[in-house]
Structures are given as structure tokens and as C-alpha cells.
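The values are calculated or read from the model by the stated rules, or taken from the named source; none is laboratory data. If you're wondering where the values come from, they're calculated on a predicted model, not measured in any experiment. Cβ placement follows ideal geometry from the backbone for every residue including glycine, while neighbour counts extend to all protein chains displayed. These area figures cover heavy atoms from the full protein model, side chains too; ligands, DNA and RNA do not enter into them. Shrake-Rupley method; radii C 1.70, N 1.55, O 1.52, S 1.80 Å.
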Amino acid sequence: MIWLRVAQGVLCAVEICGLYYLLQVFFDKRSNKAWSNILWFLSGVFLCFLTIYQRETVAMYSRYYMVFCVALTAAFAGIYFKGQIVKIIIISFLYYESICFFDIFLGYIGQAIYNKDFLDNIQFVLVIDRVIVMTISRIVMCILLVLIFHYKKLFEKIFTRYKFILAGFAVLEYIGIFFCDQIFIPSFRLQDRAYIYLALFPMLIIFTLVVFVAYLIYKEKENEIKLINIQNEMMAKNYHEMTLLYQKRERIFHDMKNHLAVLSSLISEKDFIRAEEYINNINNPILILEHKKFTGNRIVDIILNDKIEKAESCGINVTIQVSELKENIIQDVDWCAILANVLDNAIEACCELTNRKRIIDLFIMQNDCTTVIEVSNTYNGNIVTKNNRLISKKENSKIHGMGMENISNAVDKYNGVLEYNYSQDIFKINISLFN
């Protein structure tokens with residue numbers, strides 16, 4: 001019937017559009033030009049018509065066609081998106097496998113409720129039963145897509161941190177589907193053990209999900225403990241620094257009455273030269289407490305003033321080249337995560353030096369497209385790396401190593417680039433953020 005073909009075509013289009021939507025949630029386009037968007041649209045149309053043709057001429061479900069669709073989608077998406085091809089393949093596999101899971105599972109239910117020919121009908125014949133099964137599974141997938149979009153940041157974090165576990169889950173799901181699709185073989189269905197797979201597949205998926213979720217909860221709790229320890233350390237450090245600052249101000253204000261009395265006496269005696277010298281002398285400690293304006297960005301200026309004061313107290317020579325920075329392009333919390341951590345690391349590295357100059361050079365530039373941060377500092381030449389990542393040399397490296405992880409996570413939010421290089425005595429870190 002024509003209406004069944006139309007319904008199946010619409011459901012196939014929903015299936016492909018759902019995947020294309022999911023990829024656009026997780027990845028950024030390489031180009032916003034019209035020709036790029038048109039090619040992406042045409043690739044979706046091609047994949048949609050290919051799926052309709054396969055469903056009408058071969059069968060509703062095929063593992064081989066699923067793998068072919070994943071490869072084709074990955075090829076199209078790899079050209080269109082900036083994301084890594086491995087991530088695209090994992091997402092595509094999970095999406096197609098989940099739809100196959102729902103289709104097969106609903107087929108199991110129909111087979112158990114109605115008759116022995118239900119699976120043959122939906123697999124090889126375009127009947128209303130097939131359309132009903134496809135409709136239910138696509139509705140479920142649309143609901144999941146809405147949830148993914150609503151909790152986009154959470155899913156991005158989970159996918160970034162646990163992509164290899166997700167890849168393993170995709171492999172297990174594929175193995176489960178491999179066993180389950182034997183139910184489409186009529187001779188197999190006549191055997192009493194056929195419906196063991198009805199329970200096996202859901203049990204396999206549920207067990208894997210439980211293990212996976214338990215692992216995620218454990219990792220998130222571990223990270224939460226690390227963050228709490230870091231926050232406690234920062235609070236203690238900031239409290240100590242603020243206490244010293246208030247003590248300095250208290251001493252200055254406490255002496256202000258005496259200063260005013262001396263100035264009044266000098267002026268009454270018309271000794272203006274000594275009065276001017278005295279004003280200059282008491283003005284210096286006040287200027288030390290005054291925050292300088294480097295960039296016009298409030299949070300960046302606060303960070304720079306704090307870190308420069310700390311560096312100079314350690315005998316570090318700080319050179320700064322900065323341009324005007326606009327507010328709200330980079331969030332305040334990300335400036336803290338990036339700039340404060342980078343400068344803290346540079347100061348700590350310089351403080352380890354004994355017989356060499358302690359130097360930090362900072363360069364920040366911002367235009368309409370990017371924000372560039374470059375920091376170079378002298379260090380003792382000792383660098384510890386693992387899998388191309390810097391490793392903290394402190395005793396509690398799991399906690400102290402969170403600094404570079406926080407920098408990396410903040411850079412990723414802006415699709416930025418984090419690079420570092422080092423020579424025998426100079427360490428340099430380069431960060432580019434896309435506004």
C-alpha cells in the first residue's frame with residue numbers, strides 16, 4: 001500500500017535526521033559557508049533514500065547495512081565537522097545499535113504476543129506491523145535525543161571523559177545484537193531455546209549499563225573529592241593572603257592620624273619642602289596596595305595584580321604585554337581556571353630556582369576571533385610527562401595535577417588549542433581560545 005511506503009519513508013527520514021541532529025549537538029562545523037551546509041544536507045538526503053531502498057528491497061534490519069551506514073555517516077561527518085573521527089564513529093554506532101535494539105526487542109514482544117510469523121512479516125514484508133514497530137522505536141529515540149539536548153553539557157563531559165568505555169559498550173551491544181538476530185531464522189525460532197535470547201539481550205544491556213553507570217558515579221565522586229580538596233586549599237591560601245593585605249592596610253590607616261599631625265605641623269611652620277617629601281614617603285605604601293589596570297577586564301586585572309605581587313615577593317621579574325580585553329567573551333570562571341593556574345605554575349617553577357634568574361613573560365592578545373595567551377618562564381629543567389601530558393611532581397599529584405586538567409577543560413569549552421614546549425631552561429605554554 002502506498003500509505004505504508006510513505007509512512008516507512010518518513011520514519012527512515014526521522015531516523016537519519018535524528019543522527020544528523022545528534023552529531024550537530026556534539027560537534028562544531030568546519031565551515032558556515034552555504035556550499036558546506038548544502039553538501040551536508042545532500043548527504044543526509046542520500047543516506048535517507050539509501051535506507052528507504054534497503055528497507056523496501058532487502059529487509060527492515062541488517063547488521064551489515066548498519067555497519068555500512070556507520071562508515072558512510074563517519075565519512076560525511078568527518079568532512080563536515082571538526083570533531084575526531086573516532087568520536088563520530090562511536091556516536092554513530094551507539095545510535096544505530098540503539099535503534100536496532102528497540103526494533104528487535106519490539107519484534108520479540110510481537111512474536112510472543114501474536115504469532116510465529118510476526119518477525120518474518122516485519123523483517124521481510126512492508127506491513128502495518130513493521131510501521132508500528134518502527135514508529136514506537138523512533139518515538140523512543142526522539143525522547144532520548146530531547147534529553148541529550150537538555151543535558152548537553154553533562155553528556156559532553158561524560159563522552160569526553162569516558163569515550164573508550166562508550167566504545168566498549170558499543171562493541172558489547174553489537175555482540176548482543178549478533179546473537180539476537182538469529183531469531184529472524186525460522187528454524188531457530190522453532191527451537192525451545194530461541195527465547196533465551198529474549199532475556200539475554202536485555203540482561204546484557206542492563207548489566208553493562210549498571211556497570212557503566214556505577215563506574216561513572218565512582219569517577220565523578222573521585223573528581224568531586226579532588227575539587228573539594230583543591231577548593232579548601234585555595235580558600236586557605238586566599239584567606240592567608242587577604243589577612244596579610246588587611247594587616248598592611250590596617251597599619252597604614254592606623255598611622256594616618258600621626259602622618260596628618262606631622263604634615264599639619266610642617267605646613268604650619270611653612271616647611272613645604274619637607275612636607276612634600278613626607279607626602280611622597282607615605283604615598284609609596286598606599287600605591288603598593290592600589291590595583292593597576294592592565295586590560296580593562298575586571299577579573300583579569302584582579303588576577304594579574306594578585307599574581308604579580310606574589311611573583312615580585314619571590315624575587316621574580318615579571319614582564320607583561322597585554323591588550324584591552326572585553327568583558328563576557330571569556331567567562332570569569334574560565335579566566336581563573338586558565339590564567340590563574342598558568343601563572344601559579346610559572347611562579348612555582350621559578351621559585352624552585354636558586355642560582356639563576358627568575359623570569360616570567362606574559363603576553364595576552366584579543367581580536368574579534370581569538371584570544372591568545374602565552375606564558376614563558378625559567379625553570380630547573382626537570383619535566384615529568386606521561387602520554388604527552390604533564391605530571392605534577394608534588395607528593396599528592398592526583399590533587400595538584402588538577403591544575404593542568406582545569407586549564408585543559410576550560411580551553412576545550414572554547415574549542416581552543418593548548419600547546420607547550422620547553423628547552424633546557426625555558427618553559428612556554430601557548431593557549432588559543434576561539435571567541
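Kindly establish whether ILE52 is under 28 Å from PHE124 (Cα atoms), in contact (Cβ under 8 Å) with a residue 12 or more places away in the chain and open to solvent by 20 Å² or more (accessible area, probe 1.4 Å).
Details: under 28 Å from PHE124 (Cα atoms): yes; in contact (Cβ under 8 Å) with a residue 12 or more places away in the chain: yes; open to solvent by 20 Å² or more (accessible area, probe 1.4 Å): yes.
Considered against the rule, which asks whether it is under 28 Å from PHE124 (Cα atoms), in contact (Cβ under 8 Å) with a residue 12 or more places away in the chain and open to solvent by 20 Å² or more (accessible area, probe 1.4 Å), ILE52 comes out as yes.
Consider ILE407 against the criteria (1) at pLDDT 85 or above; (2) among the β-branched types (Val, Ile, Thr); (3) open to solvent by less than 20 Å² (accessible area, probe 1.4 Å): it satisfies all of them except one. Which criterion is unmet?
Looking at each condition in turn, ILE407 falls short on (1).
Have a look at GLU241, GLU220, GLU309 and point out the one that is closer than 30 Å to ASN355 by Cα, surrounded by 11 or more Cβ atoms within 10 Å (Cβ to Cβ) and at pLDDT below 75.
GLU241
When the range 259-275 is examined, which residues are found to be in contact with a helix residue (DSSP H, G or I) (Cβ under 8 Å, 6 or more places away or on another chain) and either among the acidic types (Asp, Glu) or without any contact (Cβ under 8 Å) to a residue 12 or more places away in the chain (or both)?
First, the residues of the range 259-275 that are in contact with a helix residue (DSSP H, G or I) (Cβ under 8 Å, 6 or more places away or on another chain): 259, 262-263, 266-267, 272, 274-275.
Listed by number, the residues that qualify are ILE267, PHE272, ARG274.
Give me the pairs: first residue in the range 415-426 and hydrophobic (A, V, I, L, M, F, W, C), second residue surrounded by 13 or more Cβ atoms within 10 Å (Cβ to Cβ), beta-carbon distance under 6 Å, and six or more apart or on different chains, which are they?
Matching pairs, first to second residue: VAL417/SER432; LEU418/SER408; LEU418/VAL411; LEU418/ILE431; ILE426/SER376.
Conditions (1) farther than 21 Å from ASN430 by Cβ; (2) of a type in the set (A, V, I, L, M, F, W, C); (3) touching a Pro at 6+ places or on another chain (Cβ under 8 Å), marked per residue:
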| site | (1), (2), (3) |
| --- | --- |
| THR319 | no, no, no |
| ILE329 | no, yes, no |
| LYS357 | yes, no, no |
| LEU362 | no, yes, no |
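State whether the residues of the range 386-399 include one that is open to solvent by less than 30 Å² (accessible area, probe 1.4 Å) and either modelled with pLDDT of 90 or more or part of a helix (DSSP H, G or I) (or both).
Of all residues in the range 386-399, those open to solvent by less than 30 Å² (accessible area, probe 1.4 Å) come to 399.
Still in the running and either modelled with pLDDT of 90 or more or part of a helix (DSSP H, G or I) (or both): 399.
Within the range 386-399, one or more residues are open to solvent by less than 30 Å² (accessible area, probe 1.4 Å) and either modelled with pLDDT of 90 or more or part of a helix (DSSP H, G or I) (or both).
Quick check, is VAL25 open to solvent by 10 Å² or more (accessible area, probe 1.4 Å), under 25 Å from SER137 (Cβ atoms), of a type in the set (A, V, I, L, M) and under 25 Å from the mean Cα position of the chain (by Cα)?
Spelling it out, VAL25 is indeed open to solvent by 10 Å² or more (accessible area, probe 1.4 Å), under 25 Å from SER137 (Cβ atoms), of a type in the set (A, V, I, L, M) and under 25 Å from the mean Cα position of the chain (by Cα).
Here are VAL131, VAL171: which of them is among the β-branched types (Val, Ile, Thr) and either surrounded by 15 or more Cβ atoms within 10 Å (Cβ to Cβ) or within 15 Å of the chain's Cα centre (by Cα) (or both)?
The match here is VAL131.
Just to verify a result, which residue in the range 35-49, among those that are free of Cβ contacts under 8 Å to residues at least 12 places away in the same chain and over 28 Å from the mean Cα position of the chain (by Cα), is farthest from ILE79 (Cα to Cα)?
Step one: of the range 35-49, the residues free of Cβ contacts under 8 Å to residues at least 12 places away in the same chain are 35, 37-38, 41-42, 45-46, 49.
Narrowing further to those that are over 28 Å from the mean Cα position of the chain (by Cα): 35, 38, 42, 45-46, 49.
Values: TRP35: 13, ILE38: 13, LEU42: 13, VAL45: 16, PHE46: 16, PHE49: 20 Å.
The qualifying residue farthest from ILE79 (Cα to Cα) is PHE49.
I'd like to check something: does the range 73-81 contain any residue that is farther than 21 Å from GLY44 by Cβ, out of contact with any His (no Cβ under 9 Å at 6 or more places or on another chain) and buried (at least 21 other Cβ atoms within 10 Å of the Cβ)?
There is no residue in the range 73-81 that is farther than 21 Å from GLY44 by Cβ, out of contact with any His (no Cβ under 9 Å at 6 or more places or on another chain) and buried (at least 21 other Cβ atoms within 10 Å of the Cβ).
Here is a yes/no grid of residues against (1) over 22 Å from ILE136 (Cβ atoms); (2) of a type outside the set (A, V, I, L, M, F, W, C); (3) not in a loop (DSSP other than H, G, I, E, B):
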{"site": "LEU11", "(1), (2), (3)": "no, no, yes"}
{"site": "GLY18", "(1), (2), (3)": "no, yes, yes"}
{"site": "ASN32", "(1), (2), (3)": "yes, yes, no"}
{"site": "TRP40", "(1), (2), (3)": "yes, no, yes"}
{"site": "VAL45", "(1), (2), (3)": "yes, no, yes"}
{"site": "LEU50", "(1), (2), (3)": "yes, no, yes"}
{"site": "GLU56", "(1), (2), (3)": "no, yes, yes"}
{"site": "TYR64", "(1), (2), (3)": "yes, yes, yes"}
{"site": "LEU94", "(1), (2), (3)": "no, no, yes"}
